[in-house]
Ligand code: OAD
Ligand code: ZN
């Protein structure tokens, strides 16, 4: 299918990054089996929730900082360099597609990016070192130096509105590809989980690569229930 396709759009979830040491959400030991997600309205309303959210994030920082692209990331980057992949849609926030060689503009991040922070009021960006410095100094989640509103990882939390531009560009990619690869996602979180079906309905072949059953196996042309790194490893090129 990869050989026959002229426009391949990968759609990735947390499963592509587990071999890089970053846990997923819903597997045994996944993040949501250990911690309950903190919804956006709670983050906005409660200093305690903000403190807890940043405590969790800063505790994960050594893991994120050390993570390198895995075989899945590198295989997709090889297909991108070969001109077969116009862009990639990801639910991941770990920046590993960019690190594997995708131009930032060609990575459509549906759920944002956790490698930097952003004021939820004025939108000013902060690096994590700034957050850590202030967290350590005042013992609490910091507020924006410009406008005083809370600073949050530049990710999308449950209850937070989806990034419009990313949603529009993802739909464009899904509608115009001839092969859509859903990789390492349980495909249960909407609206992100709507893109595989959108691609399928627009005439693309749909392949799902995931070691557990997903919510959308029944609409796929091919389901590869196997490890992602092992499956995509042979496509890692130069
Ligand atoms: P999930 O944790 O729901 O699903 C990851 C899937 O990858 C699971 O079905 C695993 O079985 C599979 N998997 C893990 N490692 C694998 C490997 N090496 N090879 C093959 N399969 C593997 O993660 P997502 O679907 O990405 O959003 O989660 C979607 C969204 O839920 C996230 O973006 C996040 C989360 O809540 C928000 O927080 C808004
Ligand atoms: Zn601000």
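Taking only alpha carbon atoms, the range 147-238 gives an Rg to Rh ratio of 1.06, where Rh is the Kirkwood radius. What's the FRET efficiency of residue 35 with residue 212 using the Cβ-Cβ distance as r and R₀ = 22 Å, to the nearest 0.05? Efficiency for this residue pair is about 0.60. Counting DSSP beta bridges in the chain, what percent are antiparallel, to the nearest 5? If we restrict to bridges inside the chain, about 30 percent are antiparallel. Axis of helix 164-176 versus longest Cα principal axis of the chain: the two differ by about 10°, to the nearest ten degrees. GNM remark for the chain: springs join alpha carbons under 10 Å apart, and the peak mean-square fluctuation among 137, 124, 84 falls on 137. Global size of the range 20-126: 15.6, 48 Å for Rg and Dmax (C-alpha atoms, Rg to one decimal, Dmax whole). Efficiency by 1/(1 + (r/R0)^6): what FRET value for residue 235 and residue 55, r their Cβ-Cβ distance, R0 = 41 Å, to the nearest 0.05? E between residue 235 and residue 55, to the nearest 0.05, is 0.60.
Kindly give Rg over Rh for the range 70-135, based on alpha-carbon atoms, with the Kirkwood expression for the hydrodynamic radius. With Rg and the Kirkwood Rh in hand, the quotient comes to 1.08. Site pair residue 46 and residue 225 shows an inter-label distance of 3.9 nm when each label is modelled 7 Å from Cα along Cα→Cβ.
Its alpha carbons give the range 112-182 an Rg and a Dmax of 16.2, 52 Å. Using a Debye calculation, one point per C-alpha and no hydration shell, please list log10 I(q)/I(0) for the chain at q = 0.08, 0.15 Å⁻¹ in order. Taking Cα atoms of the chain as identical point scatterers yields -0.30, -1.02. Assuming 1.002 mPa s and 20 °C, estimate D for the range 3-43 with Stokes-Einstein, Rh taken as the Kirkwood radius over Cα pairs, in µm²/s. D, rounded to a whole number, is 168 µm²/s.
Note on the chain: helix-only mean residue ellipticity at 222 nm, from DSSP H runs of 4+ residues weighted -39500 (n - 2.57) and normalised by residue number, equals -9500 deg cm²/dmol. Principal-axis analysis of the Cα atoms of the chain puts helix 128-138 at an angle of about 30° to the longest axis. Between 0 and 90 degrees, the angle of helix 47-66 with respect to the longest Cα principal axis of the chain falls at about 50 degrees.
Coordinate-derived values only; no laboratory data. Keep in mind it's a predicted model, so treat the numbers as computed, not measured. A quick note on method: Cβ atoms are made from the backbone with ideal geometry, for glycine too, and the neighbour counts reach across all protein chains shown.
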